[in-house]
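Provided herewith is a single structure, encoded as structure tokens, for subsequent inquiry.
A short reminder: the numbers here are calculations on the coordinates, not readings from a lab. Source: prediction; values computed, not measured. Cβ placement follows ideal geometry from the backbone for every residue including glycine, while neighbour counts extend to all protein chains displayed.
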Amino acid sequence: MKTLLFAGGSRAGNEFFLSLLDGHSQILQFPGTLRGNNDLRRILSHKKSEDIANNFIYQYKHFFDSRLSNDPDLTNLERHNELGMNKKKFYSVNIKKFKEIFIKISKKNNNLISNNYLFNNLVNLHKAYFLADKRNIKRIKLMVINSHLISYTKFFAKKILNNDKFDIVHTTRHPLSAISSSLNNWINYKSGRVFFANSIFFQLNLIVNGIKNLRKINKNLYLIKLESMHLNNKKVMNEFCSFYKLRSEKCLKKSSFFKLLWWGDKISRKNLNGINKNFKIKYNKNIFYKKDFGFFNNVLKDFLLQYNYNIDNKPTDFFKNLAPLKCEMITWKNTIRHKKIKHIFSIPYFYFKRIIFINFLGGLNNCYPKVFGELRSKEKI
């Protein structure tokens with residue numbers, strides 16, 4: 001069985017792609033992000049199977065009842081409590097059955113998967129989850145872990161998977177669309193009280209340096225473009241399935257979790273379901289200064305060229321690129337408006353961090369991973 005870490009780009013359809021994999025008879029995956037951190041490592045390190053199961057259930061209670069959430073600021077962010085045609089469905093997995101099955105297969109399997117105790121427990125948690133939901137696992141060929149963040153992905157690679165072989169798949173999209181979607185949606189989510197100076201730096205750094213940073217974790221890195229997911233979906237899914245020796249199944253055409261229609265996350269502020277053949281690259285011009293287009297053309301020139309994207313502005317000069325971007329200014333104003341002292345004082349820190357890691361050190365550095373289902377024509381705004 002192959003292991004795949006799925007690391008999302010900035011508003012680039014990470015959950016959407018995973019929703020297309022839902023219900024595939026040869027894929028193991030939990031219906032949400034597994035946080036690669038010390039909490040998960042402690043859970044997997046327990047010597048007693050019962051302790052592993054109990055702690056996992058406590059930490060990921062929303063996997064067992066999708067109406068629940070662990071984070072008050074991000075309650076039901078993915079809207080797994082509003083599934084189905086009527087948007088009133090949710091999913092649940094029997095906790096008692098899950099525990100019983102996990103304890104049973106742990107006794108049987110722990111020496112059969114690999115020499116990595118943590119990884120064995122992680123695999124057994126996935127298997128127990130599927131079996132508790134009465135799913136067949138005999139034909140499983142791929143375990144997909146939605147690590148989502150680069151930091152979680154790195155933790156999985158170094159502290160949990162260790163020497164076990166794995167691939168990374170990263171979703172991406174046109175950079176101006178990514179910034180526009182991130183800023184417009186997060187700044188309006190909960191009146192902007194979770195989007196500050198650190199947030200806009202995180203998004204910009206992900207767009208400019210995400211591929212390079214993931215390649216440092218593992219050279220087996222592959223890309224999926226949001227535009228291709230919609231406009232070239234058949235080819236994307238066929239190439240993905242062919243690469244991992246998976247069958248092409250009907251579920252790959254449907255955006256769902258637990259076979260219930262999924263309507264996108266709360267941040268989007270609208271209902272989105274399935275493949276959109278009319279998908280267009282769009283962005284909000286009001287969040288960019290004219291010089292900003294030249295800035296992105298400069299720091300992303302290799303990315304734009306390699307992956308058939310385009311920004312119709314010439315690169316700006318060195319000194320203009322040092323000036324704050326309009327998306328930064330909007331975020332800083334939001335930070336001040338919310339009177340978050342800690343975040344207000346962090347503004348100059350993240351501004352200078354952007355100059356160092358994006359202006360001076362940003363870019364692909366000849367790192368060009370394979371793309372599943374690449375569109376051949378130039379994708380313009």
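Take the residues in the stretch 8-45 that are in contact with a helix residue (DSSP H, G or I) (Cβ under 9 Å, 6 or more places away or on another chain) and of a type in the set (Asp, Glu), then tell me which one is surrounded by the fewest Cβ atoms within 10 Å (Cβ to Cβ).
ASP39
Moving on. Of everything in the stretch 177-195, what is crowded, with 23+ Cβ neighbours inside 10 Å and not in a helix (DSSP H, G or I)? Give them in sequence order.
PHE195
Tell me the residue from PHE102, PHE130, PHE90 that is of a type in the set (Phe, Trp, Tyr) and either touching a Cys at 6+ places or on another chain (Cβ under 7 Å) or buried (at least 21 other Cβ atoms within 10 Å of the Cβ) (or both), please.
That would be PHE102, the only listed residue that is of a type in the set (Phe, Trp, Tyr) and either touching a Cys at 6+ places or on another chain (Cβ under 7 Å) or buried (at least 21 other Cβ atoms within 10 Å of the Cβ) (or both).
Name the one entry in LEU226, LEU176, LEU206, LEU214 that is among the hydrophobic types (A, V, I, L, M, F, W, C) and touching a Pro at 6+ places or on another chain (Cβ under 9 Å).
Unique residue meeting the criteria: LEU214.
Let me ask something else. Name the single residue, out of those in the stretch 136-176 being of a type outside the set (Ser, Thr, Tyr) and in contact with a Ser or Thr (Cβ under 6 Å, 6 or more places away or on another chain), that is surrounded by the fewest Cβ atoms within 10 Å (Cβ to Cβ).
The residue in question is ARG139.
OK, next. Within the stretch 322-355, which residues are more than 29 Å from the chain's Cα centre (by Cα) and under 21 Å from LEU176 (Cβ atoms)?
LEU322, ALA323, listed by residue number.
Let me ask another. If you go through the stretch 139-170, how many residues are of a type in the set (A, V, I, L, M, F, W, C), within 16 Å of ASP39 (Cβ to Cβ) and part of a helix (DSSP H, G or I)?
Of the residues in that region, 3 qualify.
Among residues belonging to the stretch 224-263 that are of a type in the set (Asp, Glu) and either in a helix (DSSP H, G or I) or within 17 Å of the chain's Cα centre (by Cα) (or both), point out the one that is surrounded by the fewest Cβ atoms within 10 Å (Cβ to Cβ).
Step by step, filter the stretch 224-263, then rank; the result is GLU239.
Of all the residues that make up the stretch 276-332, how many are of a type in the set (Gly, Ala, Ser) and over 25 Å from HIS343 (Cβ atoms)?
Final tally of qualifying residues: 1.
To continue, here is another question. Quick check on my filter: what residues within the stretch 1-25 are outside any helix (DSSP H, G or I) and small (Gly, Ala, Ser)?
ALA7, GLY8, GLY9, SER10, ALA12, GLY13, GLY23, SER25
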